[in-house]
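Here's the structure we're looking at; comments come further down.
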Amino acid sequence: MPGLLLDALLLQAGYNAALVALGAALLGMAAGSGGTFLFLRKRALVSDAVAHATLPGVGIAFMAMVAFGGDGRNLPGLLLGSAVSAGLGLLAVEWIASRTRLAEDAAIGAVLSVFFGFGIVLLTIIQTMSSGYQAGLESFLLGSTAGMLFQDAVVIALGGALAVAFVLLLRRPMTLVAFDAGFATASGIDVRRMDLAMMGLVMAVTVIGLKLVGLILVVAMLIIPPVTARLWTERTDRVLLIAGAVGGFSGYLGAALSASAPNLPTGPIIVLVSFALFLLSLLFAPGRGVLAALVRHRRFQLRVHRRQGLLALAHGEAIFDPLTLTVLRRERLIRQDAVATEEGRALAAKTLRDEKRWALARQVYQDEAVSGRYDGLTPIESVLTRDEIAEIDRQLGPPAPVA
């Protein structure tokens with residue numbers, strides 16, 4: 001197994017497996033970066049409607065190709081049918097949301113359920129057809145590369161590459177529309193056209209990914225990478241870049257894992273790899289990760305205990321809280337017997353002085369900019385100027401020493 005996985009990662013597991021891995025990587029990059037625009041535009045669920053709307057097109061394209069004497073499982077033909085069906089589903093969502101009083105989420109739910117139900121009915125009819133070519137169509141639900149032909153892999157790889165090129169070409173106007181549609185309009189960008197371009201990109205990624213990931217799981221490839229990227233950065237351009245990288249890596253590694261163990265389905269493995277990256281980011285991302293939040297909370301807690309301990313020293317009160325004692329001893333502000341050191345007395349006097357300064361400052365400067373910054377931990381020097389602090393000290397009088 002490790003040897004097979006290494007061969008798959010190094011593109012040595014066969015020409016077809018290498019092409020599928022590269023196609024999955026390109027598809028993942030396109031899905032991650034394309035889904036970023038929907039995520040920033042707060043329209044992520046549109047991808048779900050588009051994905052489910054492809055199923056009737058698959059069934060109708062199959063029946064049409066069989067009726068004309070062709071192979072109903074021809075991938076380009078099936079993708080063309082799914083693209084037409086997805087386009088109709090997208091137009092239906094837009095029409096319902098803009099011409100009726102229904103919200104967009106209600107329109108998405110209606111289109112998703114109706115189109116998917118119609119597709120299931122078509123697949124059931126196909127199963128009873130005398131030509132009996134339905135075998136393999138169910139792979140469009142969850143994805144499958146087991147019976148993928150060389151030309152199918154080429155179609156997926158080329159489609160993924162074109163989708164990536166489209167993202168690179170229109171990334172600036174689509175990012176601007178996704179981030180601030182009002183400013184984009186003022187800048188002369190046609191927001192409606194850019195919205196349609198975003199939807200078209202999502203539709204293209206969905207259609208291309210049908211055979212590889214499936215119409216149910218392709219939604220995860222459009223949503224999970226942008227959400228993962230958002231945990232790592234606040235900058236829109238970096239979210240786009242990281243989302244593309246996460247999607248591409250998930251597709252490549254998932255396809256390699258599937259190639260090294262033929263019994264593992266490609267689509268679910270790709271989604272599980274993507275989710276694993278999301279889980280790692282959720283835990284370890286430096287800005288928004290769970291561990292980073294715990295560290296920030298712990299540091300805040302220690303700062304509060306330090307301040308409370310210093311105020312207790314300033315007022316000559318006994319300290320009983322174990323954590324407060326630990327913090328003060330660690331900084332050598334008190335001795336082991338809880339008696340304040342010289343440095344501790346000096347900081348205690350400074351802390352008490354700052355408390356009085358803040359109290360007077362909130363009376364003198366009845367301003368949100370001043371009062372809103374008071375939390376007992378923010379240094380007053382970072383809010384007021386030296387002259388303002390000197391004036392407050394003049395009114396307060398000389399500081400009292402701490403015994």
Qualifying positions in region 277-289 - assigned to a helix (DSSP H, G or I) and either over 15 Å from the mean Cα position of the chain (by Cα) or exposed (fewer than 14 other Cβ atoms within 10 Å of the Cβ) (or both): Leu279, Leu280, Leu283, Phe284
Is it the case that some residue within region 82-94 is touching a Leu at 6+ places or on another chain (Cβ under 6 Å), surrounded by fewer than 21 Cβ atoms within 10 Å (Cβ to Cβ), assigned to a helix (DSSP H, G or I) and modelled with pLDDT of 85 or more? no
Return the pair list, or none, for Cβ contacts closer than 9 Å from residues in region 293-319 that are over 18 Å from Lys350 (Cα atoms) to residues that are outside any helix (DSSP H, G or I), at least 6 apart or on different chains. Phe300/Leu377; Ala318/Ala338; Ile319/Ile334; Ile319/Ala338
Conditions: (1) in the same structural domain as Gly23 (by TED's automatic domain parsing); (2) in contact with a Gly (Cβ under 6 Å, 6 or more places away or on another chain); (3) among the β-branched types (Val, Ile, Thr); (4) open to solvent by 10 Å² or more (accessible area, probe 1.4 Å). Thr185 meets all but one. Number of the miss? (2)
Being open to solvent by 10 Å² or more (accessible area, probe 1.4 Å), of a type in the set (Ser, Thr, Tyr) and out of contact with any Cys (no Cβ under 6 Å at 6 or more places or on another chain) narrows Thr233, Thr228 down to just Thr233
Kindly indicate the residue of region 130-148 that is at pLDDT 65 or above and open to solvent by 50 Å² or more (accessible area, probe 1.4 Å) and also farthest from Arg73 (Cα to Cα) among those meeting that condition. Leu142
Give the number of residues within region 319-362 that are outside any helix (DSSP H, G or I) and open to solvent by 70 Å² or more (accessible area, probe 1.4 Å). 6
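The values are calculated or read from the model by the stated rules, or taken from the named source; none is laboratory data. Bear in mind that the values here come from a model prediction, so they are computed numbers and not experimental data. Please note: Cβ atoms are built from the backbone with ideal geometry, for glycine as well, and neighbour counts cover all protein chains shown. All accessible areas refer to the heavy atoms of the entire protein, side chains included, with ligands and DNA or RNA removed. Shrake-Rupley method; radii C 1.70, N 1.55, O 1.52, S 1.80 Å.
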